[in-house]
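Each remark here refers to the structure printed beneath this line.
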Ligand SMILES: [Zn+2]
């Protein structure tokens, strides 16, 4: 099934949702793990240790610094989802005899005009 690359990239703003849309479960999980790992590492680097009221101002500044690397990871995840969706959308090289669009032979009919395919042994 073809999936829209821009939509996949937009969904990837929510961690791993773009990959779920593409049904790339393990890859989505890997991006989620990378995001969580990055959050832990950068929280340690920038000293974000909870939001205690006394250190709220300091935590807010540290939180903003933490947000930048996490936004970079999210942007890379979105770019990955976009590239995957574009690769998946590439035509198979076999066109539907009725409408001429690319077909996915794993389903027995044209996704666009619903004509069913007959297989002929050569
Ligand atoms: Zn067709």
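All of the numbers you see were taken from the coordinates with simple rules; none came from a lab. Note that the structure is predicted; figures quoted are calculated from it, not measured. Positions of Cβ are generated from backbone atoms using ideal geometry, with glycine treated the same way; all protein chains shown enter the neighbour counts.
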> Most exposed first by the Cβ proxy, i.e. fewest other Cβ within 10 Å, how do 96, 113 rank?
Replying inline: 113, 96
> What ranking do 77, 38, 106 get, fewest neighbouring Cβ atoms within 10 angstrom at the top?
Replying inline: 106, 38, 77
> Mind checking Rg over Rh on the stretch 5-89, alpha carbons, Kirkwood formula for Rh?
Replying inline: 1.11
> residue 89 to residue 119: extension gain in nm, 0.36 nm per residue of separation minus the Cα-Cα distance?
Replying inline: 8.5 nm
